[in-house]
1. Within the group 66, 36, which residue is of a type in the set (D, E, K, R) and either on the phi > 0 side of the Ramachandran plot or in a loop (DSSP other than H, G, I, E, B) (or both)?
2. Checking the condition more than 21 Å from residue 63 (Cβ to Cβ) and without any contact (Cβ under 8 Å) to a residue 24 or more places away in the chain, which residue from 27, 45 passes?
3. Conditions first: (1) exposed (fewer than 11 other Cβ atoms within 10 Å of the Cβ); (2) at pLDDT below 90; (3) not aromatic (Phe, Trp, Tyr). Residue 48 passes all but one, so which condition is the exception?
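The values are calculated or read from the model by the stated rules, or taken from the named source; none is laboratory data. Keep in mind it's a predicted model, so treat the numbers as computed, not measured. For neighbour counting, all protein chains shown are included, and Cβ atoms are generated from backbone atoms with ideal geometry for every residue, glycine included.
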Amino acid sequence: ANTPLTDFDGTATTEATFAAFSKVFMVPTVKVFDARGNEASEAIVGLLIADFYFGYLEAAIEEGTRKMRGK
């Protein structure tokens, strides 16, 4: 949790600090961010249904991509 990480604005931080700032309190949690660090899709929290997990992941990435491209 103390692993070094660089934030979106170039600031040095840690995984734990970034997770707390991003309101991640459960694993696994997947969030898609734009280049400025804004959330670009709904978070995927927990494993949900394993058979559908990759579908949820793909949908979150596609939603984030659409938002970043302004579509």
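1. None of the others qualify; the one that does is 36.
2. Only one candidate passes the filter, namely 27.
3. (1)
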